[in-house]
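Below is one structure, written out as structure tokens; the observations come after it.
The values are calculated or read from the model by the stated rules, or taken from the named source; none is laboratory data. Not measured: the values here are computed from a predicted model. Heads up, the Cβs are rebuilt from the backbone with ideal geometry, glycines too, and the neighbour counts pull from every protein chain shown.
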Amino acid sequence: MHNEVFAKMNNKVVVVLIFPLVLLTIFYCNSIEPPPPPSPEPEKEITLTLEDISAVEAWIRLTTTNMQQPDTVTLKQNNIIRSTINLVNSDTLLYIDSLLPGTNYSYVAETREVISETLEVRTIDTTSHNFTWQTFEFGQHSSSLLYDVAIINENNIWSVGEIYLNDSLGHTVRYNAIHWDGSGWNIKRIPFTGECSAVIYPPIRSVFAFSENDIWFARGGSLVHFNGVNYFNDCGMNSFLTGSINKIWGISSEDLFIVGNNGNIAHYNGTSWQKIESGTELPLVDVYGKNENEIYISGAYTPEIKGILLRGNSNQFSVMINSEIISENELFDKLYGELAIVWVDELGTVYTGGNILFRYKNNEWNYVRSLPENFIGGNPGTYYRGFISSIRGIASNDYIIAGDRNTLKHFNGVTWEQIGLPYSPSSPIIWYSVEMKGNTAIAVGDKGSNAFIILLKR
């Protein structure tokens, strides 16, 4: 009996002991947080962004996120494989050529795992080469020529230089400007003050117009500002200029630049002139700006066939690139020949050159490859064009180059065409300046001993 009781008690003890252990186990298990779920892998992504566009080219930036390199990316154009790219960077600029002007394209980039959103692109259309034109000659007995021209509108155009005509007594009189009023040219004598005292009528080198009542004329080391009625001599920069002014450019009469011989640069803020050190003594011959913080100045020295391109603002300039006679394997640490011209289109592309036309686009120098025979060793015997002495335009698909041998060529975004008189390697016509505004274009220079103008309308 004792054994039975003991056995029953033992059984009870066992039951009592097991129950707390069960409770403890349940409590303990419920007190532990479950392990967190594994972190999702970072989302992989490909993005296409249009950086730049022309009539036949596109620059597309391809960026990746959370993707390992190297990787293979397929670029599709209008759902057809355009290229396969061995991607080694997360940020790559793609250059696409051989497109058609005025055409819509769609682009998609994809790997085995990721596909980008579609990028829609439309190329720029072409402009017309179809210009009608008139030519005009001025001068008697002496060497007359026109250096520069400014278009205010199609019925208000100024050109400057030196024109020699006989008066009623047969005496030769020098004129230094000529004005187009929509129906004819009027010969002008713009007064300057010699040494800021006696009135003189010297040859004028450059003209720049903001409006019909805001025009600047430059000769030697002085300027004249025309308000539509009176001419005002500005001698404020005379104390620090050591050579003649060659070109004027500005955003307004409160933000004006002049460049000249001996590396001269000066800026006018509407009140006073400031000399800007250029770091060169080469003649500076052209100036053009994208905006007030991105101004370009070109310099050319013909005896040594070399040049310089500066970039800066109203405070300072630095050398962007130099040029001289070099071999092709030295391009594009330097450029070839003189840098007599500079212009910037609406996309920010910089054009410069003289012997050859170059462009700076997306941080890279190259030939303007659309221009035939435009490379070192090309254009033998000046069969296609002469030296380029001026470039101006409206847009990347609408600009003109001008120079000697009657070089006057228009680019419409795809092709180049001689406009006006036919090109000839033996032509005596030299164009020193060209300008475009709207559907009006004009080039000025000389033909033999006479000043020569071609006025073109489209």
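When region 91-126 is limited to residues that are acidic (D, E) and part of a loop (DSSP other than H, G, I, E, B), the one that is farthest from W59 (Cα to Cα) turns out to be E113.
Just checking, which of I96, I85 is at pLDDT 95 or above, surrounded by 14 or more Cβ atoms within 10 Å (Cβ to Cβ) and in contact with a strand residue (DSSP E or B) (Cβ under 8 Å, 6 or more places away or on another chain)?
After applying the criteria, what remains is I96.
From the list S370, S424, which one is of a type outside the set (A, V, I, L, M), free of Cβ contacts under 8 Å to residues at least 24 places away in the same chain and either touching a strand residue (DSSP E or B) at 6+ places or on another chain (Cβ under 6 Å) or assigned to a loop (DSSP other than H, G, I, E, B) (or both)? The unique qualifying residue is S424. For residues that are over 23 Å from the mean Cα position of the chain (by Cα) and among the polar types (S, T, N, Q), scanning just region 241-266, find the one that is farthest from E281 (Cα to Cα). Going through the qualifying residues, I end up with S244. Touching a residue at least 40 places away in the same chain (Cβ under 8 Å) and within 25 Å of K409 (Cα to Cα): does that describe L347? So L347 fits the description; yes. When you scan region 351-360, do you find a residue that is of a type in the set (D, E, K, R) and either closer than 21 Å to I251 by Cβ or touching a residue at least 24 places away in the same chain (Cβ under 8 Å) (or both), even just one? No: zero hits.
Would you mind stating whether I341 is in a loop (DSSP other than H, G, I, E, B) and β-branched (V, I, T)?
no
Taken over region 378-396, residues that are part of a loop (DSSP other than H, G, I, E, B) and either modelled with pLDDT under 95 or of a type in the set (F, W, Y) (or both) amount to 3. Taken over region 427-453, residues that are in a loop (DSSP other than H, G, I, E, B) and either touching a His at 6+ places or on another chain (Cβ under 7 Å) or closer than 23 Å to S396 by Cβ (or both) amount to 2.
Just the residues that are among the hydroxyl-bearing types (S, T, Y) and free of Cβ contacts under 8 Å to residues at least 24 places away in the same chain, please, taken from region 238-284. Before you say what the answer is, go through the steps one by one.
As a first pass, look at region 238-284 and keep what is among the hydroxyl-bearing types (S, T, Y): 239, 242, 244, 252-253, 268, 271-272, 278, 280.
Of everything in region 238-284, those that are among the hydroxyl-bearing types (S, T, Y) and free of Cβ contacts under 8 Å to residues at least 24 places away in the same chain turn out to be S239, T242, T271.
Within region 102-114, does at least one residue satisfy the condition of being under 30 Å from A209 (Cα atoms), touching a residue at least 40 places away in the same chain (Cβ under 8 Å) and polar (S, T, N, Q)? There is no residue in region 102-114 that is under 30 Å from A209 (Cα atoms), touching a residue at least 40 places away in the same chain (Cβ under 8 Å) and polar (S, T, N, Q).
Of the residues S318, S396, S323, the single one that is within 26 Å of L256 (Cα to Cα), surrounded by 18 or more Cβ atoms within 10 Å (Cβ to Cβ) and polar (S, T, N, Q) is S396. Determine, yes or no, whether V160 is more than 30 Å from T74 (Cβ to Cβ), crowded, with 18+ Cβ neighbours inside 10 Å and in the same structural domain as K247 (by TED's automatic domain parsing). So V160 fits the description; yes.
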